[in-house]
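Input: a single structure, listed below in structure tokens.
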């Protein structure tokens, strides 16, 4: 990473959801704020700003990360995927999103993008997890609406567990 004065704006480039983009940022701007305010990827939500709630989870080079704990400059030259990348171009939901819809796994929807990004990463590496493994990954997310029953039902549907 390049060294810059804390007051200097820098232009960084990255690949966002398969498209090369660039914008100016202050060196201390968080990736969550950069995505939302500089690049318009408003599906990335900011909850606790401490990395606890998981709402801001995106994928950086394929790995789920908390964008509120990542500086925008750390994404320079890298691939960032947000929840906007999950559905198809024609608006069709992917398997995980469809399972969430089928099981009423979202209410206010604030936590949903982070959960979807965490599980799209996790399930790409472990497509046949146990219920205990699903619960372990889900424990990194806070949902204040659903009580988690619908979310667990959706995750189990998505991976084919009864």
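Coordinate-derived values only; no laboratory data. Remember, predicted model here, so these are calculated numbers, not experimental data. Cβ coordinates were reconstructed from backbone atoms using ideal geometry, including for glycine residues, and neighbour counts include every protein chain displayed.
Round to the nearest 10 and give me the degree value, 0 to 90, for the angle of helix 149-159's Cα axis relative to the longest principal axis of the chain.
That works out to roughly 90 degrees.
Can you say what percent of the DSSP beta bridges in the stretch 10-84, counting only those with both residues inside, are antiparallel? Round to 5.
90 percent
Mean-square fluctuation check for the chain, GNM, Cα pairs under 10 Å: which of 125, 78, 135 is largest?
Highest fluctuation of the listed residues: 125.
For residue 24 and residue 156, FRET efficiency with R0 = 45 Å and r from the beta-carbon atoms, rounded to 0.05?
The calculated FRET efficiency here is 0.55.
When N counts the residues of the stretch 1-141, how does its alpha-carbon radius of gyration compare numerically with 2.2 N^0.38 Å, as a ratio? Walk me through the intermediate numbers first.
Numbers: Rg = 15.5 Å, N = 141, 2.2 N^0.38 = 14.4 Å.
Scaled against compact globular proteins, the figure is 1.07.
If I model a spin label at residue 144 and residue 88 as a point 7 Å from the Cα along the Cα→Cβ vector, what separation in nanometres do I get?
3.7 nm
Calculate, for residue 125 and residue 11, the FRET efficiency according to 1/(1 + (r/R0)^6) with r their C-beta to C-beta distance and R0 30 Å; round to the nearest 0.05. Please list the in-between numbers first.
Working: r = 33 Å, r/R0 = 1.10.
According to the calculation, E is roughly 0.35.
For each of 44, 128, count neighbouring Cβ atoms within 10 Å of the residue's Cβ, then give the residues from fewest to most.
Going from least to most buried by this count: 128, 44.
When ranked by the protection proxy of mean other Cβ atoms within 10 Å per residue, highest first, what sequence do the peptides 114-122, 56-64 form?
The packing order, highest mean first, is 114-122, 56-64.
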